[in-house]
Amino acid sequence: MELTGKTVLVVGSGISGIAAVSLLRKNQAACILYDSSEQVSGEEIREKLSEAGVPAGEDAFLQIVTGPFEESLADRADLAVLSPGVPVDAPFVKLLQEKGVPVWGEVELAWQYARGTLAAITGTNGKTTTTALTGAILQRHFESVFVVGNIGIPYTSIAAETKPESVTVAEISSFQLETIHDFHPQVSAILNITPDHLNRHHTMENYQNAKFSIAKNQNRQDVCVLNYDDPVTRKFGMELQQTNVLFFSRQEKLSSGVCLDGEDTILYGDGQQLRPVCQVSKMQLMGDHNVENVMAAVGIAAAMGVPVDTIRDAVYDFKAVEHRIEYVAEINGVTYYNDSKGTNTDAAIKGIQSMVRPTVLIAGGYDKQSPYEDWIRACLGKMKTLILIGQTAQDIARAAREQNFTNILFADDLKEAVQTAAGEACPGDAVLLSPACASWGMFKNYEERGRLFKEYVHSLEE
């Protein structure tokens, strides 16, 4: 769809919306930047636009609208671009669709303008680590590499910089996949699928279908990397016919793909010969879940033509991403870990499973209507004290008591939780922030939550 001279309604004035407007204005599209929040002023939005290098004066080519959605906005738009946080079942989105206005997400918009080769990674857990590691591997082999998406850098912010020889690695959320149309990665990956964001998607079927759509436009020249150990992605791969499937497995020995030889050696092969890639014992990443993340990155990089020796060196050098089981400090014999990226119960299970010390666990946050029973069961035997904050505190406490775990404390905020944890922990213990919940309501995002946790921990040293 040629957008030069067209009027595009960009919904949301966060980082994605601002980047979308910037890309559209570079390509001579007129923009209406709309935000439903009455708490956001036009002046604040203009300041964001100015910081992004977009002339922010009100003119015929860029208008800013806040507050209730007016039907006239839909009448003026040739296209609507939604930021990921905007629900696709919102009434104004339905109005746009009824009026025949195409509705894209910012990922679709970026893909329309980007050039080069794309690897797109989704899944309930492990996306950020796998995306960052894949990017680190590819940067050792290709000259022009971009690492973008839900990892914190909007795809739209770099689309105009890409060249035919560029390689882009994108972390893609289920929210972003709801609004793709022609989006077509040459390599896609679905790491795993467990219950998450059911308040947005309503059913597991909807959530799964959003994830599966990452491969819907792929063909026989492309590759989809899938987790053989996850029954949902394994079944999807067995039924996927339009593209090539590359499985990875930590639990099974595969004849092709990526798997383990014993417990220490990761293998890769195309069906004729499996060859060693790297040893788990030499990696800097902790936990079985990170073995799976490395396997996925190995499969993606190999599918993109990166030599095994290059992959091995990058894997050995790679350290954990910020906020994912991140070592913070050791204070009075107590080790503190920041796992703020554990925004759902499955991710939080992996966090607690990585602990090798008795653990004081800080958890709780925004309610995504997730069940907590399996997570609590995984914590038993490792968790000595549970400190709860946020909207979900009582629901989590109830689930813990049903498992006969009663050493539960409550805190009004994260700072108090850290101080309480320091008082509960003994030398030789660990304190782990692994919330099993989103950060919304108490923090802007999980990054802010993690940064504050580290700040509060370091204040204990003073």
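The values are calculated or read from the model by the stated rules, or taken from the named source; none is laboratory data. Note that the structure is predicted; figures quoted are calculated from it, not measured. Using ideal geometry, Cβ is built from the backbone for each residue, glycine included, and neighbour counts are taken over all protein chains shown.
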*asked:* Could you check the stretch 151-187 and list, in sequence order, the residues that are in a strand (DSSP E or B), under 11 Å from the mean Cα position of the chain (by Cα) and either touching a residue at least 60 places away in the same chain (Cβ under 8 Å) or not assigned by TED's automatic domain parsing to the domain that holds residue 310 (or both)?
replied: 170
*When you scan the stretch 217-295 for strands (runs of 3 or more DSSP E) that lie fully inside it, which ones turn up with 1 or more residues that are farther than 19 Å from residue 314 by Cα?*
223-227, 244-249, 257-261
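Residues checked against (1) in a loop (DSSP other than H, G, I, E, B); (2) surrounded by fewer than 18 Cβ atoms within 10 Å (Cβ to Cβ):
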position	(1), (2)
361	no, no
369	yes, yes
385	no, no
391	yes, yes
401	no, yes
427	yes, yes
*Residues in the stretch 408-420: is at least one outside any strand (DSSP E or B), more than 29 Å from the chain's Cα centre (by Cα) and either more than 19 Å from residue 343 (Cβ to Cβ) or not basic (Lys, Arg) (or both)?*
yes
*Pull up the stretch 357-397, narrow it to residues that are touching a Lys or Arg at 6+ places or on another chain (Cβ under 9 Å) and at pLDDT below 90, then point me to the one that is farthest from residue 447 (Cα to Cα).*
357
*Index of the failed condition, residue 350 passing every other in (1) buried (at least 18 other Cβ atoms within 10 Å of the Cβ); (2) of a type in the set (Lys, Arg); (3) over 19 Å from residue 286 (Cα atoms)*: (3)
*Could you list, in sequence order, all residues of the stretch 244-272 that are at pLDDT 95 or above and more than 25 Å from residue 286 (Cα to Cα)?*
244, 245
*asked:* List pairs: first residue in the stretch 121-150 and outside any helix (DSSP H, G or I) and surrounded by fewer than 24 Cβ atoms within 10 Å (Cβ to Cβ), second residue basic (Lys, Arg) and modelled with pLDDT of 95 or more anywhere in the structure, Cβ distance under 9 angstrom, at least six positions apart or on different chains.
replied: 144/163
_Residue that is surrounded by the most Cβ atoms within 10 Å (Cβ to Cβ), among those in the stretch 86-114 that are assigned to a loop (DSSP other than H, G, I, E, B) and out of contact with any Phe, Trp or Tyr (no Cβ under 9 Å at 6 or more places or on another chain)_ = 101
*asked:* Return the residues of the stretch 371-383 that are free of Cβ contacts under 8 Å to residues at least 40 places away in the same chain, surrounded by fewer than 20 Cβ atoms within 10 Å (Cβ to Cβ) and not acidic (Asp, Glu); say none if nothing qualifies.
replied: 377, 378, 380, 381, 382
_Conditions (1) assigned by TED's automatic domain parsing to the domain that holds residue 437; (2) surrounded by 23 or more Cβ atoms within 10 Å (Cβ to Cβ); number of the one not met by residue 296_ = (1)
*asked:* Given the criterion without any contact (Cβ under 8 Å) to a residue 60 or more places away in the chain, within 18 Å of residue 345 (Cα to Cα), surrounded by 13 or more Cβ atoms within 10 Å (Cβ to Cβ) and not polar (S, T, N, Q), identify the matching residue among 411, 397, 438, 417.
replied: 397
_Checking the condition assigned by TED's automatic domain parsing to the domain that holds residue 136 and small (Gly, Ala, Ser), which residue from 381, 364, 305 passes?_
305
